[in-house]
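Only one structure is covered here, and it is reproduced in the block below.
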Amino acid sequence: MRIAIVGGMPPNPEGEAHYAGRVYRALAEQVSDPVLACAHIQPDAPPMESPAPHYTILRVTYGYHRFRRHFAPLYLRRALQAFRPDVVHFQAPHKGLYGGLYGEPLLSLFRWLRRRHIPTLVTLHSLWLREDFLEMAQERGRSTWKRRLLETLYARYFRQLLALATRVNALVSGDENPLIAEFQKEWGLEHFPICAEVHPCEAFEFQASQIAPAKSAIGLEGKRLIFAFGFVRPDKGFHYLMQAVAPLLEHDSNLILLIAGNPRGAQGKQYAQQLQALHAQLGKSSQIRLEFGYLPDERMHAYLRACDVLVVPYTRVMGASGPMHHALSYGKPVIATAVGQNRGLADVCVLVPPRDIDALRHALQQVLYEAGCWEDYHRRATQYAATHTWRHLARRYYTDYEGLIQEGTR
């Protein structure tokens, strides 16, 4: 079986690139079938690399070029013709990185593959509801008619994508996530089957006894660390977290809040300035730390090992949270807002209403100071991570590929 992937690959900063890089590394460790990943060209990455003898990453599309990204189907067709795949897996094709607003040019590649009887599997990495469009329009000052036009084009695009793909998965958080059904109903897509693909974890088997040495390694010996990270944008809700934590700092001089991440676009840079202004207003410079800029993996993992709790205070969640699953991989308690994808982990994480500063503060007090609470959510995280690993997902992928090929030969 010859397997082709279309999607981002590290060091691409997009979340789906890390996801694809991790799962296909796990797949290559388990099978010997030829695997070709068609990724975006980047100045900080070689045009071709081979993480394994049978696994090649070829950078063929121009996702970050203003004009050339629209010609992605031509570049991909050339690569796929040379590779001759038995199945093609698209990771997050619904992005402007493949041209248009939502990757519309890529639909022609699906038609080309269908004519050649090559089955396709799609993994959707985000599911937008109308309320998400409304919130985004309000943040960016979009008019009502522009928002409705975007919604119309979004629904039309997904009807075409789901009709052309052989099978569609939607990446979700947790085993009982309600978002797929809501998404289908919202956009009139009930007659298109969409399967849940649960976001995996690393399952590091990290023990509570390892936290103190991890804190010492980053100069936070004897401190309690609340950690939040991700792209810096208004929908991340970091300002709510700062306001929730501020009163706790008055009573615990060893409590530290660390927020890290890269401001995304002009809106992200403006939001970073607002967070810095709030930081100055709160007057807790030694206990609230803002680390804006690219967060290297090594430092991210150092902070995850050292933290006592990870907070995901987002106001809008269309995709499964990478930070949340990184924290669960280390068995760390997670406090998150009960919106979008997060709701699928209600039995694993502490969920609070979005924008509710008091509820967020109460949840932090419970996890950090109430007897047995931290241990309870540490146990839940550890058990979840152990049964939802990248190896589990890689094995499922391979079974899906076999099934798609067998169906195509009937």
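The values are calculated or read from the model by the stated rules, or taken from the named source; none is laboratory data. The model shown is predicted, which means the values in this text are computed figures rather than measured ones. Quick reminder, even Gly has a Cβ in these numbers, built from the backbone with ideal geometry, and neighbours come from all protein chains shown.
General remarks:
- Residue that is nearest to GLU16 (Cα to Cα) [pool: residues in the range 304-325 that are hydroxyl-bearing (Ser, Thr, Tyr) and surrounded by 21 or more Cβ atoms within 10 Å (Cβ to Cβ)]: SER321
- Those helices (runs of 4 or more DSSP H) of the range 84-177 in which at least 1 residues are at pLDDT 95 or above, considering only elements entirely within it, cover 107-115, 144-164.
- The residues in the range 251-303 that are over 30 Å from GLY141 (Cα atoms), surrounded by fewer than 12 Cβ atoms within 10 Å (Cβ to Cβ) and small (Gly, Ala, Ser) can be counted, and the count is 4.
- Of PHE192, PHE227, all but one fail to be farther than 22 Å from TRP390 by Cβ and either part of a strand (DSSP E or B) or not assigned by TED's automatic domain parsing to the domain that holds VAL88 (or both); the exception is PHE227.
- Test: VAL350 is under 22 Å from HIS239 (Cβ atoms), in the same structural domain as MET318 (by TED's automatic domain parsing) and either surrounded by fewer than 21 Cβ atoms within 10 Å (Cβ to Cβ) or modelled with pLDDT of 95 or more (or both): yes
- A single member of ARG69, ARG84, ARG77 is buried (at least 17 other Cβ atoms within 10 Å of the Cβ), of a type in the set (Lys, Arg) and in the same structural domain as LEU162 (by TED's automatic domain parsing), and it is ARG69.
- A single member of PRO11, PRO51 is over 21 Å from PRO93 (Cα atoms) and either of a type in the set (D, E, K, R) or modelled with pLDDT under 95 (or both), and it is PRO51.
- Any hit, the range 111-119, residues being within 25 Å of the chain's Cα centre (by Cα), not assigned by TED's automatic domain parsing to the domain that holds ALA320 and not basic (Lys, Arg): no
- Conditions (1) surrounded by 13 or more Cβ atoms within 10 Å (Cβ to Cβ); (2) in contact with a Pro (Cβ under 7 Å, 6 or more places away or on another chain); number of the one not met by ASP44: (1)
- Just one of the listed residues (ALA346, ALA338) is more than 24 Å from LEU249 (Cβ to Cβ) and in contact with a Gly (Cβ under 9 Å, 6 or more places away or on another chain), and it is ALA346.
- When VAL23, VAL31 are checked against the criterion of being assigned by TED's automatic domain parsing to the domain that holds ARG395 and surrounded by fewer than 22 Cβ atoms within 10 Å (Cβ to Cβ), a single residue qualifies: VAL31.
- Residue match in the range 199-211 (condition: crowded, with 16+ Cβ neighbours inside 10 Å, touching a Gly at 6+ places or on another chain (Cβ under 6 Å) and more than 26 Å from ALA155 (Cβ to Cβ)): yes
- Helices (runs of 4 or more DSSP H) enclosed by the range 292-410 - at least 2 residues per element that are over 23 Å from GLY261 (Cβ atoms) and under 17 Å from the mean Cα position of the chain (by Cα): 390-408
- Yes/no for GLU182 being under 27 Å from THR337 (Cα atoms), outside the structural domain of LEU360 (by TED's automatic domain parsing), more than 17 Å from the chain's Cα centre (by Cα) and part of a loop (DSSP other than H, G, I, E, B): no
- For the range 375-393, filtering for residues that are closer than 11 Å to ILE335 by Cα and either of a type in the set (A, V, I, L, M, F, W, C) or touching a Ser or Thr at 6+ places or on another chain (Cβ under 7 Å) (or both) leaves 0.
- Of the set (1) out of contact with any Asp or Glu (no Cβ under 6 Å at 6 or more places or on another chain); (2) closer than 20 Å to MET242 by Cα, all apply to TYR397 but (2).
- One residue from ARG159, ARG142 being under 30 Å from ALA266 (Cβ atoms), out of contact with any strand residue (DSSP E or B) (no Cβ under 7 Å at 6 or more places or on another chain) and not hydrophobic (A, V, I, L, M, F, W, C): ARG142
- Applying the condition of being buried (at least 18 other Cβ atoms within 10 Å of the Cβ) and of a type in the set (S, T, N, Q) to the range 112-165 and asking which residue is farthest from GLU182 (Cα to Cα) yields THR120.
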